[in-house]
Structure formats: C-alpha cells, structure tokens
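Here is the structure we will look at, set down as structure tokens.
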Amino acid sequence: MIRYISSVFTEKFTGDPLIVKSPGRINIIGEHTDYNEGFVLPAAIDKGIYVATDKNQSDQINLYSVQFNESFSILLSDIAPQKSWPTYILGVVFQLQQKGYPVKGFNMVIDGDVPVGAGLSSSAAVECAVVYALNQLFNFGLSKMEMVLIAQKAEHTFSGVLCGIMDMFASMFGKKDQVIKLDCRSLEYDYKPILLGDYSLVLFNTNVKHSLASSAYNERRQQCEQGVAWVRDFYPHVNSLRDINLDMLKKGVLPKDKLIYKRCKFVVEEIQRLQVACVNLEEGNIKELGEKLFATHKGLSEDYEVSCMELDFLIDNVKNNSAVAGARMMGGGFGGCTINIVKHQNLDELIENLSGKYQLEMNKELTPIIVNIEDGTSVLKFKPGKPSD
C-alpha cells in the first residue's frame, strides 16, 4: 500500500509524501454507551485508511480519493462542509484553524480498505489519519488525545453526527492484540489482552449501507438525555445513564414513557454487561464473553431498536451453532456488520453455509471480513529528513 499510494500521489501531484495509516475499529461490547458516559471495549483492526500528503506552497487544498476516483480542491479561506467524502478531511482542517493552528496549503491522496457503511468507523479513521498527518506535516505538536478530540469535533460539525469519542479513540490509541477499556466520562483507559485461543474474530457485512446522520442515532441520544432529566427530578446528583440503575429508571422514567424507559434500560444493562465481560477477558473465558455478546444483540434489537432484518437474520442463524461463542450487531445500527467469535476449524464451513442462506433469504451477498487486532494510527513513511515520532 505504501508503494501504491506513493505512486498515485506522484502521478497526481509531485514530491515525496508523508504516509499515515489509521485503522478502522471493532467494539467487542459496549454499544451506545459512549455518549452516555459509560464504558466501551474497542480495538483497532488490520483494515485502515491511508493518506499520502505534502505541502504545496499555496493557499489551496488539493485532494484525490482513490476509491471514488475523484479530485477536489478548495481555498483554505473557503473551508465549509461538503456533501461527499471531502467533508471528513475539511472538517479536521476547519477544527485546526478554529484552534489557531496555521494550516497551509497541502496535497493529499486518500485510500483504504475499511468497508464504508459497515460499522467499522471508516469516517473516524479518515479524520484520525488526516489530523495525525497534518500534525506531522506542519509540526503542530498535538498530543494523541488532542487529535482525538479534534477528529470528534470534526465529525460533529461537518458530518452532523453527534458521535461519542470511542471510534476516534480506538483508531488513535489501538494496540496489537489488546482491547481498550475506555471510561467515556473521565477518558481514563487501560488495555486488556484478548486471548482468543481456538477462536477467530469474523465480521459479516450485511451490505446494507446506513448513514448515522439520517438514521435514528441522534434520536436515541436525545431519548437517553430525556430519561436522565426525568431521573434527575428524583436524584439530583445524576449526570448521565452511567449514574443510574434499573430501580431509578423504574421510578423516574417508566411512569412517564415506556419507550424511553426501554432505551435507557438497554444502556444501563450494557454498562453492567461490559464490566463482567472484562472479567471474562482477564480469565480467558471466551464462552462467557460470547454469551454477553448475544445478550447485547437482544437488547439492541428489542429495547434500543437499532437492528434490522438482515442483522437479526445473521444472529438467529449462528446463536445455536456450537462453533460460535458469541455474536451481535456492531456499530450505530440499521445495517453494517455483525461481530462473531468463531472456532478456527469451523470458520470456512460457517462462512459458506451462512453466505448461502443469506443470499437465499435476503437476496443479498454476505461479505465475511476476518479481522486481527492491530496498532492504532501511525506514520508508515516519513518525509525525507523528517525525524520519527
């Protein structure tokens, strides 16, 4: 990929570019808990976004996407949201400008192998790759945490998705063969080894594309905030669903709105599930971990209602398979992937059987993605004379 993206850069522009990779992410458990100040358990994967970039001694940004075979140019003074892929890059530039960092003109080529719309946070990977590359290129001296917050703010302002911090954090801070237990309130984190033994992680992409901005993501967030406000009438110390238990929900929310109660109930239970899942990981108990995944999917489908027919079909067709320790839908919802913990020796058979059933019943192709847990955002090739980080 280094050689390829360098050659594309040289063809489109000139010079010897800086190359940065930022990975997509999976989340083992802890869905929709990040914006509720709970915990998440993500990891960076071996599928990523690559950017090649260099200064161009002008006041213009010139971009080229390999995937879309499109070029885009804009003056630094005219940065504004766009309706397609450049908006993720420009959102980062705008946030740097707002914070007083002197971004100059640059050329950039972007490519990657994170499936778009699969729930692997390709947009966060783009934003992290761009902020990391520009930090290197212009010597801004930003810390990883500062870059994560800039990437998150870019998603909020230019993409219109009020995402939590998990996606960017996992992409930036990932570590090989480790998951990150991230406290989304304090941003304290630690790493936990994920020792899968006889099992592999495989994602099944429904190939149902979803856009979080146009889905019910923001609505769910508002429902959680409403639930917290009602509980706070009885318990003034409460700041988020992180502070709430089921008894408090039954008192403060259930009498007012059964639907909002269901939404909040899922999040409260998911935060508790994650804590136990971390113990399962530390003990290497993959079967118990897998049971938590199945329970999470049930809650996402029935209580949070962010699943869909295709996702539920995939879970229903593996939950009684002895080779599958656990599975659930992953990501914001309404499409994307399921994450599955599957015995190595049964992986090929499962992929073949499930793909056939999915094609027959859903009339769609099922795309398996076997993932390994890898390091987070990093420089793959420095510019000549540039010191390593």
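The values are calculated or read from the model by the stated rules, or taken from the named source; none is laboratory data. None of the values given here were measured: they were computed from a predicted structure. In this analysis, Cβ positions are derived from the backbone assuming ideal geometry, glycine residues included, and neighbour counts consider all displayed protein chains. Surface accessibility is based on the protein's heavy atoms, side chains included, excluding ligands, DNA and RNA. Shrake-Rupley method; radii C 1.70, N 1.55, O 1.52, S 1.80 Å.
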Which whole-number percentage describes the relative contact order of the range 130-250, with Cα contacts under 8 Å and a sequence gap of 6 or more?
14 percent
With just the Cα atoms of the range 69-215, tell me how far they stretch along each of the three principal axes, in Å, largest first.
53, 35, 26
Distance from the Cα centre of the range 57-91 to that of the range 296-348, in angstrom?
37 Å
Expected output is a single nm value to one decimal: the length gained when fully extending between Asp177 and Thr14, i.e. 0.36 nm times separation in residues minus the C-alpha distance. What is it?
54.9 nm
Quick check: net charge around Gly105, other residues with Cβ under 9 Å of its Cβ, Lys/Arg +1 and Asp/Glu -1?
+1
Percentage relative contact order, the chain, counting C-alpha pairs under 8 Å, at least six apart
24 percent
Classified through the alpha carbon gyration tensor (a ≥ b ≥ c as square roots of its eigenvalues; rounded if a/c is under 1.5, else prolate when a/b is larger than b/c, else oblate), the range 265-325 comes out oblate
Among the aspartates and glutamates, select those whose C-alpha is under 14 Å from the C-alpha of Lys292, and discard any that sit fewer than 8 residues away in the same chain.
Glu31, Glu269, Glu270
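Quick one: if the Förster radius is 41 Å, what FRET efficiency do Phe294 and Arg3 give, using the C-beta to C-beta distance and rounding to 0.05?
0.45
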Take the solvent-accessible surface of the protein heavy atoms, probe 1.4 Å, and return the percent of it on the chain that carbon and sulfur atoms account for.
47 percent
Cα pair count fraction exceeding 28 Å, expressed as % - the chain
47 percent
Given a Förster distance of 30 angstrom, what is the FRET efficiency for Lys364 paired with Gln226, based on the Cβ-Cβ distance and rounded to 0.05?
0.25
What span do the alpha-carbon atoms of the range 318-375 cover on each of the three principal axes, reported in whole Å from largest to smallest?
36, 29, 19
Environment charge of Leu75, counting only residues whose C-beta is closer than 13 Å and scoring Lys/Arg +1, Asp/Glu -1
-1
With a 28 Å threshold on alpha-carbon distance, the violating pairs from Lys256/Lys319; Lys287/Lys357; Lys12/Lys175; Lys181/Lys381; Lys192/Lys287 are Lys256/Lys319; Lys12/Lys175; Lys181/Lys381
List the lysines whose Cα sits under 22 Å from the Cα of Lys250, skipping any in the same chain fewer than 8 residues away.
Lys258, Lys262, Lys265, Lys298
Summing +1 for each Lys or Arg and -1 for each Asp or Glu, what net charge is found among the other residues whose Cβ lies under 15 Å from the Cβ of Lys298?
-2
